[in-house]
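Here's the structure we're looking at; comments come further down.
Since every read-out is calculated from the coordinates, none of them should be taken as a lab result. Just so you know, these numbers come straight off a predicted model, no measurement behind them. Note that we place each Cβ from the backbone using ideal geometry, even for glycine, and neighbour counts take in every protein chain shown.
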Amino acid sequence: MLFAASLTSAAATDDAGEWIAFACGGCHGHAGVSAAESLPSIAGFDRRYLARVLREFQKGVRHSTIMGRLTVGYSLQDIALLASYYAEQPWEGSGTGADAGTIDRGREIHQARCEQCHEDGGRVQDRDMPRLAGQQPEYLRMQMLLRRAGTEGMQQPNRMREALLALSDEDIFVLSRFLASQD
Ligand code: HEC
Ligand code: HEC
């Protein structure tokens, strides 16, 4: 009996996360795979990263155009359910195409300046850091520009800001296309 009861409540928790996530699907895709170049995919990200970022948006300490206002009404429980739901969804890359020259140059810059943290070509992610490989290209480019400019509420280690400050707009464009094109 106990076993059956705990199974039921686990299923109810999954459903609750998916239910709340209906508010997010219009921009991030129902299962967290975005179809728009300027909106990020969030499927399969570390649950703790998702929960932290959503809390930071909500508290207004993380730069946002939309997410700050959008998260105002959510309880901590809602945020935990959303984070668990998206963490369990399978990641799917953006399928962005890029020519061989762009990919080679992007890979070179990534190896020299970003790979030390964003390992395995930006595929590695954990509680501190999101996946970059296969992310939507315009979202990546905007995030890099905002962080290079040192925009308030854009979080990053000092070494990342230094790496970005060494890059031109063109480098950032190339890097965004390289990263977005990776599986
Ligand atoms: C109207 C479009 C829209 C909706 C709806 C929306 N988002 Fe977002 N989301 C964005 C945008 C745009 C960003 C980039 C930050 C910003 O500018 O607000 C973002 C960023 C994020 C990020 C950070 C991604 C990263 O790579 O760090 C997470 C996590 C996120 N949203 C989760 C959610 C969740 C969960 C919901 C539903 C409660 C939601 N979003 C609803 C547009 C939206
Ligand atoms: C010292 C480690 C470090 C280095 C070097 C570094 N990053 Fe990051 N990066 C991080 C961390 C940690 C975050 C997450 C910060 C946050 O938003 O909370 C991050 C976040 C990002 C994001 C935001 C992704 C998203 O989904 O919102 C982008 C884009 C990014 N990095 C690109 C780069 C690029 C391009 C380089 C090289 C020019 C680079 N980073 C170098 C550690 C690093």
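Reported value for the stretch 100-181: 84 Å³ per residue, from the convex hull of its C-alpha atoms. Computed on the Cα atoms alone, the convex hull of the chain gives a volume of 118 cubic angstrom per residue.
Charge tally around His63: other residues with Cβ under 11 Å, Lys/Arg +1 each, Asp/Glu -1 each, net 0.
Note on the stretch 22-60 and the stretch 121-183: Cα centroid distance 17 Å, given to the nearest whole angstrom.
With a ≥ b ≥ c the root eigenvalues of the C-alpha gyration tensor of the stretch 42-115, is it rounded (a/c under 1.5), prolate (a/b larger than b/c) or oblate? Judged from the Cα gyration tensor, the stretch 42-115 comes out prolate (a/c at least 1.5, a/b above b/c).
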